[in-house]
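Accompanying notes for the structure given below.
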Amino acid sequence: MARILAITNQKGGVGKTTTSVNLAASLAATRQRVLLVDLDPQGNATMGSGIDKRTLKQTVYHVLLGEAQIRAARVTDTGTYHVLPSNRELAGAEIELIDIEQRETRLKSALAEIAHEYDYILIDCPPSLNLLTLNGLCAAQAVLIPMQCEYYALEGLSDLVQTIKKVRTHLNPQLEIEGLLRTMYDPRNTLAQQVSAQLQQHFGDKVYRAVIPRNVRLAEAPSHGIPVLMLDKTSKGAQAYLALAGEILNREAQQAQETTNDQS
Ligand code: ATP
Ligand code: MG
């Protein structure tokens, strides 16, 4: 059964989509079966994966509203990870879902149909705590939080942690924090170092050892509609996301081992 991760932070422009696309590609490069769900009406993860959002007939929008089957809406002829795409139509779902039953768990129900076909399902969430993001948080087992180490980052983080707690109480008891990812990191920046140290103090092992540096190749890749791994495998950005994928796989293997030990 797939491990389902919501990549979320209500703060805009922190690297959610860059992380979604490049982690999907890095996990796929290590032979994991991956589905990337674009849950943002901006459709950046869709375009960044080489799929033209303007020509799509069925998207995650139709799946959420029960107008399309998830098997029909997902794009599988990619040669790498699969994509459940999105475009601006999804912005309407926010309002249209309000009158629909079980509106927070529409994505969860849809993913349940195909989760056995994947090792990882990554959900790229929009930069807000709206009904779309709630669908992501209800469908996921855990949250991966990309963040920039800057002045207001910790404040934003505590809001997000409160939201996760609320979702756990009311909607999805299994939801946990998978990890915190430092993005666009500049090790020469003193403030970044301080915020990073505070982050490790508060969250300990939850902070990934892998750090994503600011890297121009990462910013260029979306304009080619490909992950950085396919643009320049040797770039610092590509190597950082490969390291993150390795760390996530190792952690999961370790947890599985601990579970086996506990049972024996
Ligand atoms: P939004 O909240 O709008 O969905 P986001 O959190 O998904 O944004 P991205 O779109 O991934 O953030 O990144 C914001 C911008 O920063 C993009 O132009 C992206 O190319 C650039 N960027 C992200 N990560 C890096 C990096 N490590 N190095 C250089 N540029 C980056
Ligand atoms: Mg985004």
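Here are some notes:
- Tallying residues that are more than 23 Å from residue 153 (Cβ to Cβ), away from ligand 2 (no atom under 16 Å from the Cβ) and assigned to a loop (DSSP other than H, G, I, E, B) within the range 201-240 yields 5.
- Per the listing 139, 153, the residue uniquely farther than 27 Å from residue 198 by Cβ, in contact (Cβ under 8 Å) with a residue 24 or more places away in the chain and surrounded by 14 or more Cβ atoms within 10 Å (Cβ to Cβ) is 139.
- Check on residue 215, more than 16 Å from the chain's Cα centre (by Cα) and closer than 18 Å to residue 143 by Cα: no
- On the stretch given as the range 64-103, residues that are surrounded by fewer than 19 Cβ atoms within 10 Å (Cβ to Cβ), assigned to a helix (DSSP H, G or I) and either in contact with a Cys (Cβ under 9 Å, 6 or more places away or on another chain) or touching a residue at least 40 places away in the same chain (Cβ under 8 Å) (or both) total 4.
- Candidates are the residues of the range 1-10 that are of a type in the set (S, T, N, Q) and crowded, with 24+ Cβ neighbours inside 10 Å; the one that is farthest from ligand 1 (Cβ to nearest atom) is 8.
- Residue in the range 137-146 that is farther than 25 Å from residue 245 by Cα and among the small types (Gly, Ala, Ser) present: no
- Scan of the range 35-63 for residues that are more than 13 Å from ligand 2 (Cβ to nearest atom), crowded, with 24+ Cβ neighbours inside 10 Å and not hydroxyl-bearing (Ser, Thr, Tyr), ordered by number: 35, 60, 63
- The range 11-43, subset in a loop (DSSP other than H, G, I, E, B) and of a type in the set (Val, Ile, Thr), residue nearest to ligand 1 (Cβ to nearest atom): 14
- Inter-residue pairs, beta-carbon under 9 Å, first within 17 Å of residue 115 (Cβ to Cβ) and touching a residue at least 24 places away in the same chain (Cβ under 8 Å) and in the range 32-50, second acidic (Asp, Glu) and more than 8 Å from ligand 1 (Cβ to nearest atom), 6+ apart: 32/119; 33/117; 33/119; 34/119; 35/117
- Hits in the range 92-130 - residues which are within 16 Å of ligand 1 (Cβ to nearest atom) and out of contact with any helix residue (DSSP H, G or I) (no Cβ under 9 Å at 6 or more places or on another chain): 128
- Subset of the range 117-130 that is surrounded by fewer than 24 Cβ atoms within 10 Å (Cβ to Cβ) and at pLDDT 95 or above - its residue that is farthest from residue 74 (Cα to Cα): 127
- Criterion violated by residue 169 - all others in (1) within 26 Å of residue 91 (Cα to Cα); (2) part of a helix (DSSP H, G or I) satisfied: (1)
The values are calculated or read from the model by the stated rules, or taken from the named source; none is laboratory data. For clarity, every value in this text was computed on a predicted model and none was experimentally measured. When we count neighbours, we look across all protein chains shown, and the Cβ atoms used for this are built from the backbone with ideal geometry, even at glycine.
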